[in-house]
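Colleague: Would you mind keeping the following structure in view while I ask a few things?
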Amino acid sequence: MITGANPGEPVIRTAIFDLDGTLLDSTPDIAHAVNRVFARHGLDRTEPSLIAEMVGNGAQRLVGDLLIRQRIPAAPSDIDYLTAAYLEAYAEEPLREGRLYPHVAEDLARLQALGWRLGVCTNKPQALTLSILEATGLGSYFLAVRGADSVPARKPDPGHLLAVLEDLGGGTALYVGDTEVDEATAQAAGVAFRGVAWAAPGRLSVPEAARLSRIADLAASSVA
């Protein structure tokens, strides 16, 4: 159980999760899809390790950043076209090589059994998110899921996270993520944040005490 740090503070039994890099190592699938599309248009391939450092702000931002990295001038319409092609390629193989991080499924099951309300707030498109949750067997754990195109403004806009919280019935919650985008979103929304210990180096500023060695740690930690 998560309790407040001081007597009288509310017990928190609501957790909202980012998806990529938090519950799922999706970098291989993202890299495969975007590199496949870029190669089709005569653009260079990018190593998955570099792509892992660039995900978190949504598909369009990823495509734009990759073009900037390759010093390719592109009009907004070009970015839109490549983004649509990338998402189409990704949707064809949403779980090609990606894998859940260790213990994720069993830890979510434990939280659910303890009565936690669980949700997902991700900058992936809604349909692709639902497809991946179904393919990984995680869909049944979440009462609310909001992808980037299901809200007026996506992360780091706090409204994205707050929309998930509202879908869960409101109250006090924790947001769990792996990037500076997730951290900033939680801060802007006034929601307590927990980072995952397997986040890419340099992507989180929270102290070790606010990082989870596994998702089940939520059931025993305290909110500062």
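The values are calculated or read from the model by the stated rules, or taken from the named source; none is laboratory data. Because the structure is predicted, anything quoted here is derived from the model rather than measured. Note that each Cβ is placed from the backbone with ideal geometry, even for glycine, and that neighbours are counted across all protein chains shown. SASA here: full protein model, heavy atoms, side chains in, ligands and nucleic acids out. Shrake-Rupley method; radii C 1.70, N 1.55, O 1.52, S 1.80 Å.
Colleague: Return the percentage of antiparallel bridges among DSSP beta bridges fully within the chain, rounded to the nearest 5 %.
Modeller: Working: 3 of 21 bridges.
Around 15 percent antiparallel, to the nearest 5.
Colleague: In addition: What distance in nm lies between label points placed 7 Å from Cα along the C-beta direction at residue 166 and residue 143?
Modeller: 1.7
Colleague: Now for a different question. With no solvent and one point per C-alpha, what does the Debye sum give as log10 I(q)/I(0) for the chain at q = 0.14 Å⁻¹?
Modeller: -0.83
Colleague: Give the long-range amide H neighbours of residue 120: residues separated by 5 or more places, or on another chain, with amide H under 5 Å away, using H modelled in the peptide plane at 1.01 Å from N.
Modeller: 17, 144, 145, 146
Colleague: Calculate what fraction, in whole %, of the accessible area of the chain sits on carbon and sulfur atoms when a 1.4 Å probe is rolled over the protein chains. Each step should come with its number before you reach the end.
Modeller: Details: 5370 of 10180 Å².
Carbon-and-sulfur percentage of accessible area, whole number: 53.
Colleague: I'd like the Karplus ³J(HN,Hα) series for the stretch 83-96: coefficients 6.51, -1.76, 1.60, θ = phi - 60°, whole numbers in Hz, and an x wherever there's a Gly or Pro.
Modeller: 5, 4, 5, 4, 5, 5, 5, 5, 5, 5, 9, x, 9, 7
Colleague: Follow-up question, since we're still on this one. Residues of the stretch 33-165: accessible area per residue at 1.4 Å, in Å²?
Modeller: Working: 6520 Å² over 133 residues.
Here the residues of the stretch 33-165 average 49 Å² of exposed surface.
Colleague: Here is a follow-up. Pull out the extension gain between residue 208 and residue 157, defined as 0.36 nm times the separation in residues minus the alpha carbon to alpha carbon distance; nm, one decimal. Each step should come with its number before you reach the end.
Modeller: Values: separation 51, 0.36 × 51 = 18.36 nm, distance 2.52 nm.
Full extension from residue 208 to residue 157 adds 15.8 nm.
Colleague: Right, something else. What residues qualify as long-range amide H neighbours of residue 192, i.e. H under 5 Å apart, gap of 5 or more or another chain, H built at 1.01 Å from N?
Modeller: Sorted by chain and number, the residues that satisfy this are 173, 175.
Colleague: Now for a separate question. Report, to the nearest 10°, how far helix 104-113 tilts away from the longest principal axis of the Cα atoms in the chain, using its own Cα long axis and a range of 0 to 90°.
Modeller: 40
Colleague: Based on the alpha-carbon set only, what is the convex hull volume of the stretch 6-130 divided per residue, in Å³?
Modeller: On the way: hull volume 17.9 nm³, N = 125.
Spelled out: Cα convex hull of the stretch 6-130, divided by residues, is 143 Å³.
Colleague: Show me 39-46, 164-171, 142-149, 16-23 ranked by packing, highest mean number of other Cβ atoms within 10 Å first.
Modeller: Working: 39-46: 12.1, 164-171: 16.5, 142-149: 20.0, 16-23: 25.9.
Those peptides, ordered most packed to least, come out 16-23, 142-149, 164-171, 39-46.
Colleague: Shape of the stretch 108-154 from its Cα gyration tensor (a ≥ b ≥ c, root eigenvalues): rounded if a/c is under 1.5, otherwise prolate when a/b > b/c, or oblate? Write down the numbers at each step before the final one.
Modeller: Values: a/c = 3.59, a/b = 1.65, b/c = 2.18.
Note, shape of the stretch 108-154 comes out oblate.
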